[in-house]
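The values are calculated or read from the model by the stated rules, or taken from the named source; none is laboratory data. For clarity, every value in this text was computed on a predicted model and none was experimentally measured. Note that we place each Cβ from the backbone using ideal geometry, even for glycine, and neighbour counts take in every protein chain shown.
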Amino acid sequence: MKQLIIYLLPICLLFSSCKKFLKETSPDEIKPTTTDDLYALMISDAYPYTANLEDFSDILTDDVRSYGMPRKSTGEQNTTYSSYYQNGQGVFKYDAEELDGSEGTAATALNAWARYYSKIKGCNIIIDYIDNVSGTQKDKDALVGQSLLLRAFYYFKLLQLYCAPYVASAASTPGVPLILSMQVSDEHIGRSTLQETFDQVEKDLTQAATLLEANYKTPNAYRVGYIAAYALLSRVYLYKGEWDKAIDYAEKVLAERSQLTDMSLSSSSGSLYIYDQSQSAEVIFQYGSNPSGVTTFFPSPISYSGMHAPYEVADELGQLYENNDLRYKFYFYKVTVSGASYNTRSSKIGVNSKGGDKGIRVAEMYLNAAEGLARRFKSGGQETDRTSALQYLNTLRQNRFSSPYTTIDIQNADSLISFALAERRRELCLEENFRWADIKRLGLSVTHNFIDADGNSTIYTLAANSPLYALPIPVTALERNNKLTQNAR
């Protein structure tokens, strides 16, 4: 059988002079000729699946705290977790030289730039090559729709990490390089503006929604369809502060996918994983690695063995949950240290479950609609906006609390917005870099208390509206593209 070969440039050559991605080199190595061939390529090179694209952004936030290095009963350092301590300290301390990979031990893991552009490259190949293969127009449109959605998703991820928040000056604020074709010229590509990058994300998602609604039905939550496109548009518009559009697209999703997982039905079993599709009906799109595994920054939660890892869930986050809020029980792995229980990592997917704990859930749409309506109530004073925001919040919370649930009724606009934001943090914690994106768009400061290997404390602060909201671009990308400009520090 002939083997399908797609010659993809290494990420280091994204901006170099090679002009061909596809070629034939022997009778057994051929170009793709059918939509089935391109589908196979899309699965391997465009979809994220179990890829660990970024597992460091939570460490930047106030949802994670430092515990230093654990010690043995003799007082000696227990070096079991020394690599996690070393790898995460530059992120936790907002060290620009470690964040850009020029120093430290985690340069590869911190280079989300390369991983996202590698996936964008896969999307571009599908889009560019679609007219060169045989297949029905319906199948071709389905492939292009999925690739456009995924490309927009990856560009939005790059915006959240490497760019300043969306502001009125977006037309003159640096975005990221927009690479929209598999063809690479001799010219290096500089950064588009923030406005241009957001415009491309919106264009891709809008076109994807149209193509997918007409041509593709998702077989499971590991694929993206038009509902995922609507959900991402709601996410993008919320981040931009365009409340009407954020509400509109959230409600488009909820008109077709409104079911939430009632945690009270599982409260006695002690086992519910919100991203486990066998337990949860609210997963729209799912990807990522299982948190039971070891990452560069976190050990497996099943190996904690009575001692703290260097970086764990912050007490501040745990204190946001009321006593009968079942999310505190189901959303965190826990460890017992000296007789006390502590939250360690996210447990939104089980150690024996399929898939990861990232993606899109129905719950996010309730929160997007609620926040947008609360903000519109503040600006316009319409009572229907207030009551609708409360309805979305109460519906979500009714499915998260043990019975009986007491509904909330908030009259003041600022209080309603604050409550919606706190509910967002409770529901979407340690998932899909939501907290980092919210810190940026809300202009919040973060104070970290770093515990070193000897137990000494040092305070590091990310100031409100800090230049480091736009993380340093990896030095490897700058070295290979002389038109890239580094972010301010």
Checklist entry - Name the residues in segment 59-85 that are assigned to a helix (DSSP H, G or I), surrounded by 18 or more Cβ atoms within 10 Å (Cβ to Cβ) and out of contact with any helix residue (DSSP H, G or I) (no Cβ under 7 Å at 6 or more places or on another chain), would you? => result TYR81, TYR84, TYR85
Item to check | Elements of type helices (runs of 4 or more DSSP H) in segment 163-263, at least 3 residues being over 27 Å from ALA420 (Cα atoms) and either modelled with pLDDT of 95 or more or of a type in the set (S, T, N, Q) (or both) | outcome: 194-215
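Might you check whether a residue that is assigned to a helix (DSSP H, G or I), basic (Lys, Arg) and either buried (at least 20 other Cβ atoms within 10 Å of the Cβ) or at pLDDT 95 or above (or both) occurs anywhere in segment 465-488?
no
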Item to check | Selection status of SER134, of a type outside the set (Asp, Glu), surrounded by fewer than 20 Cβ atoms within 10 Å (Cβ to Cβ) and touching a residue at least 60 places away in the same chain (Cβ under 8 Å) | outcome: yes
Checklist outcome for this item: Among the residues of segment 310-346, the number that are modelled with pLDDT of 90 or more and in a loop (DSSP other than H, G, I, E, B) is 10
Item to check | For THR447: the one exception among (1) crowded, with 16+ Cβ neighbours inside 10 Å; (2) outside any helix (DSSP H, G or I); (3) not charged (D, E, K, R) | outcome: (1)
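Quick check, is ALA389 buried (at least 22 other Cβ atoms within 10 Å of the Cβ), in contact with a helix residue (DSSP H, G or I) (Cβ under 8 Å, 6 or more places away or on another chain), touching a residue at least 60 places away in the same chain (Cβ under 8 Å) and of a type in the set (A, V, I, L, M)?
no
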Checklist entry - Out of the residues in segment 37-89 that are among the charged types (D, E, K, R) and in contact with a Leu (Cβ under 6 Å, 6 or more places away or on another chain), which is nearest to TYR129 (Cα to Cα)? => result ASP37
Checklist entry - If you take the residues of segment 89-117 that are in a helix (DSSP H, G or I) and touching a Pro at 6+ places or on another chain (Cβ under 6 Å), which of them is farthest from VAL294 (Cα to Cα)? => result ALA96
Checklist entry - List, please: which pairs have Cβ atoms under 6 Å, are six or more places apart or on different chains, and start with a residue in segment 444-457 that is touching a residue at least 60 places away in the same chain (Cβ under 8 Å) and end with one that is of a type in the set (A, V, I, L, M, F, W, C)? => result VAL446/LEU462; HIS448/PHE92; ASN449/ILE459; PHE450/PHE92; ALA453/MET69
Item to check | Cβ pairs under 7 Å, 6+ apart, first in segment 392-410 and surrounded by fewer than 17 Cβ atoms within 10 Å (Cβ to Cβ), second part of a loop (DSSP other than H, G, I, E, B) and small (Gly, Ala, Ser) | outcome: SER402/SER267
